[in-house]
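Chemist: Let me begin by handing over the structure; questions about it come next.
The values are calculated or read from the model by the stated rules, or taken from the named source; none is laboratory data. Bear in mind the structure is a predicted one, so any value in this text is a computation, not a measurement. Here the Cβ is made from the backbone with ideal geometry for all residues, glycine too, and neighbour counts use every protein chain on show.
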Amino acid sequence: MKFLDLKTQQDRIRKPLEKRFNAILDHGAYIMGPEVYELEEKLADYCGVKHAISCSSGTDALLIPLMAWGIGPGDAVFTTPFTYVATAEVIALLGATPVFVDVYESTFNIDCEKLEIAIQDTIKDGKLNPKAIIPVDLFGVPARYRLIQEIANTYHLKVIEDAAQSFGGSIGEKKAGVFGDIAATSFYPAKPLGCYGDGGAMFTNDDSLAEQCRAIRIHGTSSDKYNSEIIGLNGRLDSMQAAVLLEKLTIFDEELEMRNKVNDYYRKSLNNAQHIPENYHSAHALFSITLQSNQDREDLINRLNNNNIPNVVYYKHPIHLMKGFDYLGYKNGDFSVSENLSQTIVSLPMHPYLSEIEIDSTIEVLKK
Ligand SMILES: Cc1ncc(COP(=O)(O)O)c(C=O)c1O
């Protein structure tokens, strides 16, 4: 059994992909070639936004909008400690301060009540200027954007949807990628839509923000390649990766439906999986369950390993307790929900090609 099966998927797209690779070898535009622009058009269409701007990774897709807004020292950006480190890292990289907010026990996404309290506390404290919120759509489930947007409007904050794991997910008819001022996704190979290297994209309806992000991803340049208008970075997507994504997009909706079936099948027998609220649709990047205690989780992991059932803990270390973030002065006990999740959560195999027999054998171990 595989935790993630990229091989079966590759077999399906291999021939057209080779054709696309050959076309790139022929035209030779390896960076920002025609595939990149074709992909951006298709991604924008898929999400229903005006602008899709591809870039070199999900991390850069988060960093670039923060740079466009000039966020830096003295600024507070609110996010959760129960996410991949990249979400908080980009804030710290710019010299701004990540202000952590705990998550809901059910969805593992940012707790909106606690978010508002954290914003008010920061304002009262007077040391930092609240500037932005980065909600994370953890494991594929979108965060509560209606409430988040209301809070953002009240306190005049920008919102970046961290959709690294949720491309393909939605709330009602609204696809992940349309929430907030801008959204950032990742095309890391393990993501629901992944390439064969690093890649990412930003999505926005804001023309001027889109223009700035396009410039920042190429060293702050726009019309003149050798005359930088703002400080930028090397954040481009290459043509080969765009070609992979174009071919994967052709089977993406079908794969999403297959992931949905895997999810439904697991849930027939399990009641301790991540909660997906009504009218929310997960991209099912990961299928995660929680156990009663850390001991229970470790016992389960041992049993899964003994039965050759792959499993991974996302995330063993909440960011506020990571050494790299010591300087923020957080301590154990500050975010009890995130801390408890990090002790009790485990992710089971999840991919479109997982069979019912494989799921049954996983469930059998769980039931024991
Ligand atoms: C929630 C989240 N944000 C950001 C990132 C960063 O994406 P990338 O690895 O493409 O830089 C990831 C990647 O795992 C992620 O899961």
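Chemist: Residues of segment 57-70 being within 16 Å of the ligand (Cβ to nearest atom) and crowded, with 22+ Cβ neighbours inside 10 Å, which ones?
Modeler: Those that are within 16 Å of the ligand (Cβ to nearest atom) and crowded, with 22+ Cβ neighbours inside 10 Å: 58, 59, 60, 61, 62, 63, 64, 65, 66, 67.
Chemist: Another one. Across segment 164-190, what is the total count of residues that are over 11 Å from residue 145 (Cα atoms) and buried (at least 24 other Cβ atoms within 10 Å of the Cβ)?
Modeler: Result for segment 164-190: 13.
Chemist: Which members of segment 163-185 meet the condition of being more than 10 Å from the ligand (Cβ to nearest atom) and either part of a loop (DSSP other than H, G, I, E, B) or of a type in the set (Phe, Trp, Tyr) (or both)?
Modeler: 167, 168, 169, 172, 173, 176, 177, 178, 179, 181
Chemist: Kindly indicate whether residue 365 is at negative phi and surrounded by fewer than 19 Cβ atoms within 10 Å (Cβ to Cβ).
Modeler: yes
Chemist: Show me the strands (runs of 3 or more DSSP E) found entirely inside segment 47-162 where at least 1 residues are hydroxyl-bearing (Ser, Thr, Tyr), touching a residue at least 12 places away in the same chain (Cβ under 8 Å) and closer than 21 Å to residue 329 by Cβ.
Modeler: So the answer is 75-79, 97-100.
Chemist: Still on this model: Evaluate the following for residue 40: is it out of contact with any helix residue (DSSP H, G or I) (no Cβ under 8 Å at 6 or more places or on another chain), modelled with pLDDT of 95 or more, in a helix (DSSP H, G or I) and away from the ligand (no atom under 16 Å from the Cβ)?
Modeler: Yes.
Chemist: Over 22 Å from the mean Cα position of the chain (by Cα) and not β-branched (Val, Ile, Thr): does that describe residue 39?
Modeler: no
Chemist: Examine segment 89-96 for a residue that is within 16 Å of the ligand (Cβ to nearest atom), surrounded by 23 or more Cβ atoms within 10 Å (Cβ to Cβ) and closer than 19 Å to residue 181 by Cβ, and state whether such a residue exists.
Modeler: Looking for residues that are within 16 Å of the ligand (Cβ to nearest atom), surrounded by 23 or more Cβ atoms within 10 Å (Cβ to Cβ) and closer than 19 Å to residue 181 by Cβ, one finds at least one in segment 89-96, hence yes.
Chemist: Would you mention how many residues in segment 356-368 are in a helix (DSSP H, G or I), in contact (Cβ under 8 Å) with a residue 40 or more places away in the chain and of a type outside the set (A, V, I, L, M)?
Modeler: 5
Chemist: Listed residues 315, 327, 353; which is farther than 25 Å from residue 174 by Cα, modelled with pLDDT of 95 or more and not in a loop (DSSP other than H, G, I, E, B)?
Modeler: 327
Chemist: Inspect all residues belonging to segment 186-204 and state whether any of them is within 10 Å of the ligand (Cβ to nearest atom), closer than 18 Å to residue 253 by Cβ, small (Gly, Ala, Ser) and touching a Gly at 6+ places or on another chain (Cβ under 8 Å).
Modeler: No: zero hits.
Chemist: May I pose another question? Restricting attention to segment 156-163, does a residue exist that is surrounded by 21 or more Cβ atoms within 10 Å (Cβ to Cβ), within 18 Å of residue 203 (Cα to Cα) and of a type outside the set (A, V, I, L, M)?
Modeler: yes
Chemist: Taking the stated definitions as given, is residue 135 within 30 Å of residue 263 (Cβ to Cβ) and either within 16 Å of the ligand (Cβ to nearest atom) or touching a strand residue (DSSP E or B) at 6+ places or on another chain (Cβ under 6 Å) (or both)?
Modeler: So residue 135 passes the test.
Chemist: Among 230, 251, which is among the β-branched types (Val, Ile, Thr) and at pLDDT below 95?
Modeler: One residue alone meets the criteria, 230.
Chemist: Restricting the search to segment 103-126, which residues are under 16 Å from residue 145 (Cα atoms) and acidic (Asp, Glu)?
Modeler: 111, 113, 116 - these are the residues of segment 103-126 that are under 16 Å from residue 145 (Cα atoms) and acidic (Asp, Glu).
Chemist: Please specify each residue of segment 83-98 satisfying the condition of being in contact with a helix residue (DSSP H, G or I) (Cβ under 6 Å, 6 or more places away or on another chain) and more than 15 Å from residue 323 (Cα to Cα).
Modeler: Correct list: 90, 94.
Chemist: Quick one: which residue in 81, 73 is buried (at least 23 other Cβ atoms within 10 Å of the Cβ) and modelled with pLDDT of 95 or more?
Modeler: The unique qualifying residue is 81.
Chemist: From 171, 230, 216, grab the single residue that is among the aliphatic types (A, V, I, L, M) and within 30 Å of residue 120 (Cβ to Cβ).
Modeler: From the options 171, 230, 216, the qualifying one is 171.
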